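> This is the structure I want to talk about, given as structure tokens.
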Amino acid sequence: MKKLKKQMGKMIQRIIDSAMGNGLMQEETTASGERYVTPGMPELLRRAGAESCVLLRNDGALPLAAGAEIALFGRCQLDWFYVGYGSGGDVNAPYQVNLVDGMLGAGVKLNEEVLNTYRTWTSNEDNEADHGWWGHWPMNYPEMPLTDALVKKAAETSETAVVVIGRAAGEDRENTLTKGSYYLTDDERSMLDAVTSAFGRVVVLLNIGNIMDMSWTEEYGDKLSAFMIVWQGGMESGNAIADVLTGKISPCGKLSDTVARRYEDYPSSANFGGKEFNEYAEGIYVGYRYFDRHPEKVLYPFGYGLSYTEFETTPESLERAGKVTEVTVTVKNTGKVPGKETVQLWAAQPDGRLDKPVRVLAGFTKTGEILPGMSETVTIRCIDRDISSYDEASSRFILEPGEYRFETNGKDAGSFAVDEEKTVEQCEPLLREPQKLRRRILERLPSEIGSEGKSVNSFREVTDGNATLDRFIASLTDEELEALSRGHGMMGSSYGVAGNAGAFGGITESLEKKGVPAVITSDGPAGLRLRKYCSLLPCGTALACTWNTELVEALSAKVGEEMVYYGVDVQLAPGMNIHRNPLCGRNFEYFSEDPLLSGRMAAGIVRGVQNKGKAACPKHFACNNQETKRNTNDSRVSERALREIYLRNFEIVVKEAEPLCLMTSYNKINGVWSHYNYDLVTTVLRKEWGYTGCVITDWWMRKSKSPEFPNIRDNAYRVRAQVDVLMPGDMGHLTKKYRSDGTLLETLGKPDGITRGELQRTAKNVLNLIIRLDQQR
């Protein structure tokens, strides 16, 4: 029966693959060519995987004693979850190191009888790991039943037991409040019961991409000697974890999310999973912003993580110039082994007319490796925007009068006072009334680029500096302008490397003749999702738990090198939606519950990729916080919460890293799909934040008419919002060849219809991207 289920799943997947023109799930067998490994990548992956490990409890069981025999329990020691499933994780890695291989490679002596029992059981056809198919990924792999005899015999020769518990994560489905997903299975509890009864030292490792229930760690109490989240660490997972377990690297990861005692303690628990909409009733009180007011609900706090050594943090100074505050801190290693420390800068805002969290993360940095007895001095920079509050009544970010107090790692770091209310940034209100929004749009319609002067019919003249881009755009026909506003029509475009996510730009014969090249995209963020062998990175949550933006930037630069190697122009990454609820199926791709941490990690990724002359594409803009009915679901959120939480991370990455591309989300925001949302894309992103890049849709979009201009619909509605490119190019999921739906040009030149100036504006955004890429070719 199990074998039949697997066969049916694979058959369904092949049907989907054929229909999609490329295939959503790419198994290793679909890859071709050499098992290319980018020079320098394994070392960075191994370091990132190690720095992501978050040690939550340790009574001295870690690091493991040199030469001691270890009994390793849990099938995931062999069937490791390297990353989540879906477009963000299905990378054909050239190799993968599981926990057993990593520990053996590090010289750890493993109990052979226990190991061989697991090897025999997992290799049995009836027990093989079932990877499922699109949207039907496994939640976990069923655990091997343990016998008391095996466990007790192992305890006779092995002083320490290491237990691994794993969970899958995946796109297009949520995690669930069931055993085997959010909660432990009965077999997992039986395994813990047997091992904790027989062994005096028990170390538990969580191989997860999403936060799961951890209340059982309190139930087992001191029976668990050490407890560490090791995440889904990519293809170097086993080596990275072995480095931490053996003490080669001291754990230095910190939680990027709060772990609550119960699921019901999360502020979004009552408003998640809605099929039509979700009320973001918690407002700005997401994650620690809520839990700081309810500390009794916290099991492990945001930013928490232990080390094998000790650090003393001493604030040295607080200096303020204009809208910038700088705090200088000295970190001393007072322990016995080398290690790194994350310095977190927290700000407490004064009470005022606006309700505020107890504190907000205002900045952070990570030290280098500090030797015992040695120190490092660091400076953390905070801008007023990071500690301001949004006043919906006046559409402003403000600092209210009072004292703004700072602390670093629990130490008072100084303060400054504001005498009277101060405007940090004036914004425009986000309009929901169609008539008001209509007037705003009409006032800002772009003028048509005239065709005066000599016609320019070669894009090469522009890139060579012999003609202006405007002159070239003026020469384009309406049909060519329409072609620049959509992709080639399918995934796996013939213009690029096998397995690409699609192409846009020069994807018609006439544009090719004029010298416009095609732009090739690849899924991300866990690496390049191609039918080639590419590096498999740790999941987004793991990277965030490193709190190391320099390391993430260096890692992403290596991804940029792989893009050069395979001819990929745009990686559809980073994924950076806020962890609003722990059940969101795609949380593993994203970073954190906090917008500043999310934005800074994303900025590191963007800088790394784009330093190699390629383009990053942060996604999904915005409020893509659940997978259930993600194409139709409405995220109903206040403007304050939108601007302080769900847009703030995107604002940071736009202003600090200038991504060349940005992807909208599937969902609606307050009733309007993001790919039609003028205020989201034009008013906020482009006008307020100054974004000049190219905005693309997520793959396919929903049909709709404009409430403000009833004559325009679908692609014209999208272009009016300044969402430049429909990807992969056709409105239908099952189409392998592009067919125009006619909706972009049908109202051209008609009252309230799309204008040629709008088509040219979109073309300019696309062609400017190509110019930036061409400068690096």
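The values are calculated or read from the model by the stated rules, or taken from the named source; none is laboratory data. Everything numeric in this text was worked out from a predicted model, so none of it was measured. In this analysis, Cβ positions are derived from the backbone assuming ideal geometry, glycine residues included, and neighbour counts consider all displayed protein chains. Quick note on the areas: whole protein, heavy atoms, side chains included, nothing else; ligands and nucleic acids left out. Shrake-Rupley method; radii C 1.70, N 1.55, O 1.52, S 1.80 Å.
> For the range 327-351, which residues satisfy the criterion of being of a type outside the set (Ser, Thr, Tyr), free of Cβ contacts under 8 Å to residues at least 60 places away in the same chain and over 13 Å from Ile387 (Cβ atoms)?
Those that are of a type outside the set (Ser, Thr, Tyr), free of Cβ contacts under 8 Å to residues at least 60 places away in the same chain and over 13 Å from Ile387 (Cβ atoms): Val331, Lys332, Asn333, Gly335, Lys336, Asp351.
> Would you tally the residues in the range 504-558 being within 26 Å of Asn239 (Cα to Cα), surrounded by fewer than 24 Cβ atoms within 10 Å (Cβ to Cβ) and over 15 Å from the mean Cα position of the chain (by Cα)?
7
> Among the residues of the range 596-616, is any in contact with a strand residue (DSSP E or B) (Cβ under 6 Å, 6 or more places away or on another chain) and assigned to a loop (DSSP other than H, G, I, E, B)?
No, every residue in the range 596-616 fails to be in contact with a strand residue (DSSP E or B) (Cβ under 6 Å, 6 or more places away or on another chain) and assigned to a loop (DSSP other than H, G, I, E, B).
> So, one more: Scan the range 151-183 residue by residue and report those that are hydrophobic (A, V, I, L, M, F, W, C) and open to solvent by less than 10 Å² (accessible area, probe 1.4 Å).
Correct list: Val151, Ala154, Ala161, Val162, Val163, Val164, Ile165, Ala168, Ala169.
> Consider only pairs whose beta carbons are under 9 Å apart and that are at least six residues apart or on different chains; among these, list those whose first residue lies in the range 625-641 and is of a type outside the set (S, T, N, Q) and whose second residue is in a helix (DSSP H, G or I) and crowded, with 22+ Cβ neighbours inside 10 Å.
Val637/Ile645; Val637/Tyr646
> Of all residues in the range 238-265, how many are among the β-branched types (Val, Ile, Thr), open to solvent by less than 10 Å² (accessible area, probe 1.4 Å) and assigned to a loop (DSSP other than H, G, I, E, B)? Please lay out each step first, then the result.
Narrowing the range 238-265 to residues among the β-branched types (Val, Ile, Thr): 241, 244, 246, 249, 258-259.
Filter again for open to solvent by less than 10 Å² (accessible area, probe 1.4 Å), leaving 241, 244, 258-259.
Checking which are assigned to a loop (DSSP other than H, G, I, E, B) leaves us with 258.
Final tally of qualifying residues: 1.
> Quick one: would you say Arg460 is open to solvent by 40 Å² or more (accessible area, probe 1.4 Å) and free of Cβ contacts under 8 Å to residues at least 60 places away in the same chain?
Taking the combined requirement at face value, the residue satisfies it.
> Scan the range 282-339 residue by residue and report those that are assigned to a strand (DSSP E or B), of a type outside the set (Val, Ile, Thr) and either within 26 Å of Arg640 (Cβ to Cβ) or open to solvent by 60 Å² or more (accessible area, probe 1.4 Å) (or both).
Listed by number, the residues that qualify are Glu312, Glu316, Glu319, Arg320, Ala321, Glu326, Lys332.
> How many residues does the range 147-195 hold that are within 22 Å of Ala129 (Cβ to Cβ), assigned to a helix (DSSP H, G or I), among the charged types (D, E, K, R) and in contact with a helix residue (DSSP H, G or I) (Cβ under 8 Å, 6 or more places away or on another chain)?
Number of matching residues: 1.
> Restricting to the range 358-403, what's the tally of residues that are surrounded by 20 or more Cβ atoms within 10 Å (Cβ to Cβ), small (Gly, Ala, Ser) and either touching a residue at least 40 places away in the same chain (Cβ under 8 Å) or on the phi > 0 side of the Ramachandran plot (or both)?
Number of matching residues: 3.
> Residue by residue through the range 107-124, note down the ones that are within 17 Å of Gly67 (Cβ to Cβ) and touching a Gly at 6+ places or on another chain (Cβ under 9 Å).
Gly107, Val108, Lys109
> Turning to a different aspect of this structure: Any residue at all in the range 204-216 that's open to solvent by less than 20 Å² (accessible area, probe 1.4 Å) and assigned to a helix (DSSP H, G or I)?
Yes; the residues of the range 204-216 include at least one that is open to solvent by less than 20 Å² (accessible area, probe 1.4 Å) and assigned to a helix (DSSP H, G or I).
> Restricting to the range 510-551, what's the tally of residues that are aromatic (Phe, Trp, Tyr) and assigned to a helix (DSSP H, G or I)? Steps first, answer last, please.
Step one: of the range 510-551, the residues aromatic (Phe, Trp, Tyr) are 533, 547.
Then keep just the ones that are assigned to a helix (DSSP H, G or I); that gives none.
Total satisfying the criteria: 0.
Residue-by-condition table, conditions (1) assigned to a helix (DSSP H, G or I); (2) of a type in the set (D, E, K, R); (3) within 25 Å of Gln435 (Cα to Cα); (4) open to solvent by 10 Å² or more (accessible area, probe 1.4 Å):
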{"residue": "Thr683", "(1), (2), (3), (4)": "yes, no, yes, no"}
{"residue": "Gly690", "(1), (2), (3), (4)": "no, no, no, yes"}
{"residue": "Glu708", "(1), (2), (3), (4)": "no, yes, yes, yes"}
{"residue": "Gln722", "(1), (2), (3), (4)": "no, no, yes, yes"}
{"residue": "Gly742", "(1), (2), (3), (4)": "no, no, no, yes"}
{"residue": "Asn768", "(1), (2), (3), (4)": "yes, no, no, yes"}
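So that you can scan it fast, the table gives a plain yes or no per residue for (1) closer than 15 Å to Glu174 by Cα; (2) out of contact with any Asp or Glu (no Cβ under 7 Å at 6 or more places or on another chain):
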{"site": "Tyr565", "(1), (2)": "no, yes"}
{"site": "Ala573", "(1), (2)": "no, yes"}
{"site": "Leu583", "(1), (2)": "yes, no"}
{"site": "Glu593", "(1), (2)": "no, no"}
{"site": "Leu596", "(1), (2)": "no, no"}
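> Within the range 86-96, identify whether any single residue is surrounded by fewer than 24 Cβ atoms within 10 Å (Cβ to Cβ), aliphatic (A, V, I, L, M), in contact (Cβ under 8 Å) with a residue 24 or more places away in the chain and closer than 26 Å to Arg531 by Cα, and answer yes or no.
The answer is yes, given that some residue of the range 86-96 is surrounded by fewer than 24 Cβ atoms within 10 Å (Cβ to Cβ), aliphatic (A, V, I, L, M), in contact (Cβ under 8 Å) with a residue 24 or more places away in the chain and closer than 26 Å to Arg531 by Cα.
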